Amino acid sequence: MAETKTIALTINGRDRKVAAPANATLLETLRELGYFEVKSGCEKGDCGACAVLVDGEAIDSCLALTWTVAGRAVTTVAGLSLGGAKHPLIEAFEKSGAVQCGYCTPGLIVAAQSMLKDTPEPDDDDIRLGLSGNLCRCTGYTKVFDAVRDAAAVLRGAESQA
Amino acid sequence: MYADFDLVIPETLDEALEALAGAVGGGNGGTQPLAGGTNMIVDLRARRVAPSRLVGLGRLDGLRGIRIADGRVRMGARTTMSDILRHPDLAGHAPSLVDQARVFGGQMVRNAATVAGNICSGSPAADAVPALLALDAEVTLASPSGTRVVPLSEFFLGYKRDARAPGELMTEIAWDIPPAHSSNRFYKLALRKGDAITVVGVAVALAAEDGKCGTARIALGAVAPIVKRATAAEAMLCGQALTPELIDAAARQAVDDVDPIDDIRASAEYRRHCVHALTRRLVTQAWERLT
Ligand SMILES: Cc1cc2nc3c(=O)[nH]c(=O)nc-3n(C[C@H](O)[C@H](O)[C@H](O)COP(=O)(O)OP(=O)(O)OC[C@H]3O[C@@H](n4cnc5c(N)ncnc54)[C@H](O)[C@@H]3O)c2cc1C
Ligand code: FES
Ligand code: FES
C-alpha cells in the first residue's frame, strides 16, 4: 500500500491540509475533497477536462501527483470568481452560448485564463494553441472562440482601469 | 491510481542524486525520476512501467530556466516547453526549438512537459530532440560520483535505450549560440496542427562560410528507432554552394538514412516521401535566409 502523508496547499485561496497517498493524482484528491467542478475525462492528458491552475499555470490534474503540489496554490474554475463578481470568462462563456453539456467548460475556462495571462491580446492562432489541449464534443469551438475573444477584451479593459 | 509506488520529493540536487543512486537496473522498474509526469503518469496507468519508487524533481528550482552567457545557451533539465516559448531571446537564434515548443501537445502539457523528460522518454517522436540535435546540443548527466557531458548525438543507443547509467540524472542541456551567418528550422508533420503525435519531424541547421555551406546538420524524428542525424546527407552539403539540384539530391540521401515503420498514423512509404520533401523544403528555406 502506498504511504499516506498530509500536505499543506492552497485551494481556491483557502489554506488546506490534505491527507493523500503517494499514488493519488491531484484530480482524484480534488474530487474526493468535493471540488466536483474538476472533471475526469480521459485521465491521460488528452481532453483537458481536469485542468486546474497551479500557481497560475494550467496543468492537467490527472497527470500530477498530489504530493507534488505541496505548498502551491491550486485554483479550479470555481476559484476564479472569488471576491464577488463573476469572472469575465465565465460571464462570456454563458453569454456566447459556449456551454452546451458543460463537461469541458471548467477545463476550457481554466486553460483560457492561463493563456490570457501570457497573451492578453490573443489572435485566433493564439487561442487555437492555448486551447488545443481541451476537447469539446458539443460546441464545435466557434462560440468558445467568441467567448475567449470577448473575455480578453473585458479583462484588458479592467486592467487599463486599474 | 491503482499503481503502487513510493514517492520522495527531494529539496536539493544532492538529495535527489542520493535517492536515485539506489536505482538498480533502471528499465521499467526500480527507482525513476519524475519530472512533469506527462509521460510517466500515462505510462504508469497503461502499466508500461512499474517503478517501486519515484523521485520527484519539482522542488529543484536550480534545474529550471534558460541562461545565455559567453556564447552558450544552458537550459536546466526541468525547463518546460512553455518556458521555451516565454523566453525573450531564444526565438532569435533557436527558432527551430521555439517552433517545436509551439506545436508541442496542448497548453497544459506544454506547461508541465520538461526538456529532459522529453529526451529521456526515448520516444523517436520526441519533438524537442530533432531541434536540439541540429543545434548540436550536449547533455550533462549527474550521479553522486560526479558529472559527465555527453553529446546528444551519442546519447541515444537504440529504441528506448540511452547512455544514462542506472540512477544518472540529466541536469542540463547546452549548446553554442549558432554563428552569425546561420539558420535553423523545424517542421512537424502530424495529423492535426495541435496536440498530435509527430508523423515526421525534421530539423535543419546550416551555417554559411564565404558563400558556401560551412556546416549542415539535419535531424529526423519519428522515422527510425531513435531520432537521428542524416550524416550522409549533411556531408553532401558541406563545403558546397547549395543549388536546388544538390539540395534535392541530399534530401534523397536523407531517405536512405532512415528506417521508418508503418503504424496507425502513416505508412513507412509516406514517411520516406515526407523525409525527402520536408528536408528539401527546410534546407532550401534555411539556405535562402543565408544568401
Ligand atoms: C496529451 C499529450 C500530448 C503530448 N504531446 C507531445 C508532443 O506533441 N510532442 C512530444 O514530443 N511529446 C508529447 N507528449 C509526451 C510528453 O509530454 C513529453 O515527452 C514530455 O517532454 C515528457 O516530459 P515530462 O517532464 O513530463 O517527463 P516525465 O513524464 O516526468 O518523465 C519521462 C521520462 O523521463 C525520465 N526523466 C525525466 N526527467 C529526467 C531527468 N532530469 N533525468 C533523467 N531522466 C528523467 C523519467 O524517469 C521518465 O522515464 C505528450 C504527452 C501527452 C500526455
Ligand atoms: S482527464 Fe485529465 S486530460 Fe483528460
Ligand atoms: S459543451 Fe459538451 S463537451 Fe463541450
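Answer yes or no: is there a residue in segment A:86-101 that is within 13 Å of another protein chain (Cβ to nearest Cβ) and touching a Leu at 6+ places or on another chain (Cβ under 9 Å).
Here is the first cut: in segment A:86-101, the residues within 13 Å of another protein chain (Cβ to nearest Cβ) are none.
No: segment A:86-101 contains no residue that is within 13 Å of another protein chain (Cβ to nearest Cβ) and touching a Leu at 6+ places or on another chain (Cβ under 9 Å).
For segment A:54-66, a tally of residues being closer than 22 Å to A:Lys5 by Cα, within 8 Å of another protein chain (Cβ to nearest Cβ) and surrounded by fewer than 24 Cβ atoms within 10 Å (Cβ to Cβ) returns 0. Scanning segment B:71-120 for residues that are among the acidic types (Asp, Glu) and free of Cβ contacts under 8 Å to residues at least 60 places away in the same chain yields B:Asp83, B:Asp89. A:Leu80 satisfies every condition listed in (1) under 30 Å from B:Leu34 (Cβ atoms); (2) open to solvent by 20 Å² or more (accessible area, probe 1.4 Å); (3) within 16 Å of ligand 2 (Cβ to nearest atom); (4) more than 9 Å from chain B (Cβ to nearest Cβ) except (3).
Taken as a whole, the condition of being surrounded by fewer than 19 Cβ atoms within 10 Å (Cβ to Cβ), at pLDDT below 95, more than 11 Å from ligand 1 (Cβ to nearest atom) and not assigned by TED's automatic domain parsing to the domain that holds B:Ile197 applies to B:Arg161.
For A:Ala58, state whether it is within 16 Å of ligand 1 (Cβ to nearest atom) and part of a strand (DSSP E or B).
Numbers: within 16 Å of ligand 1 (Cβ to nearest atom): yes; part of a strand (DSSP E or B): yes.
So A:Ala58 passes the test.
Among the residues of segment A:98-117 satisfying the criterion of being among the hydroxyl-bearing types (Ser, Thr, Tyr) and crowded, with 20+ Cβ neighbours inside 10 Å, which is farthest from ligand 3 (Cβ to nearest atom)? Ranking the qualifying residues of segment A:98-117, first place goes to A:Ser114.
Of all residue pairs spaced 6 or more apart or on separate chains, those with beta-carbon atoms under 6 Å, a first member in segment A:120-148 that is free of Cβ contacts under 8 Å to residues at least 24 places away in the same chain and a second member that is part of a loop (DSSP other than H, G, I, E, B) and crowded, with 23+ Cβ neighbours inside 10 Å are A:Ser132/B:Gly106; A:Ser132/B:Asp195. In the set (1) over 30 Å from A:Asp46 (Cα atoms); (2) of a type outside the set (D, E, K, R); (3) assigned to a helix (DSSP H, G or I), the condition left unmet by B:Ile68 is number (3). None of A:Gly34, A:Gly107, A:Gly45 is in a loop (DSSP other than H, G, I, E, B) and at the interface with chain B (Cβ under 9 Å from one of its Cβ atoms) except A:Gly45.
Consider segment B:56-70. How many of its residues are of a type in the set (Val, Ile, Thr) and either within 15 Å of B:Met81 (Cα to Cα) or not assigned by TED's automatic domain parsing to the domain that holds B:Asn111 (or both)?
Final tally of qualifying residues: 1.
Here the condition is being over 20 Å from A:Lys5 (Cα atoms) and within 16 Å of ligand 3 (Cβ to nearest atom); of A:Ala85, A:Ala49, it holds for A:Ala49 alone. Residue count for segment A:124-149, restricted to those that are open to solvent by 20 Å² or more (accessible area, probe 1.4 Å) and within 16 Å of ligand 1 (Cβ to nearest atom): 4.
The values are calculated or read from the model by the stated rules, or taken from the named source; none is laboratory data. As the structure is a computational prediction, the values presented were derived from the model and not from experiment. A quick note on method: Cβ atoms are made from the backbone with ideal geometry, for glycine too, and the neighbour counts reach across all protein chains shown. Note: accessible area is taken over every heavy atom of the protein model, side chains too, but ligands, DNA and RNA are not part of it. Shrake-Rupley method; radii C 1.70, N 1.55, O 1.52, S 1.80 Å.
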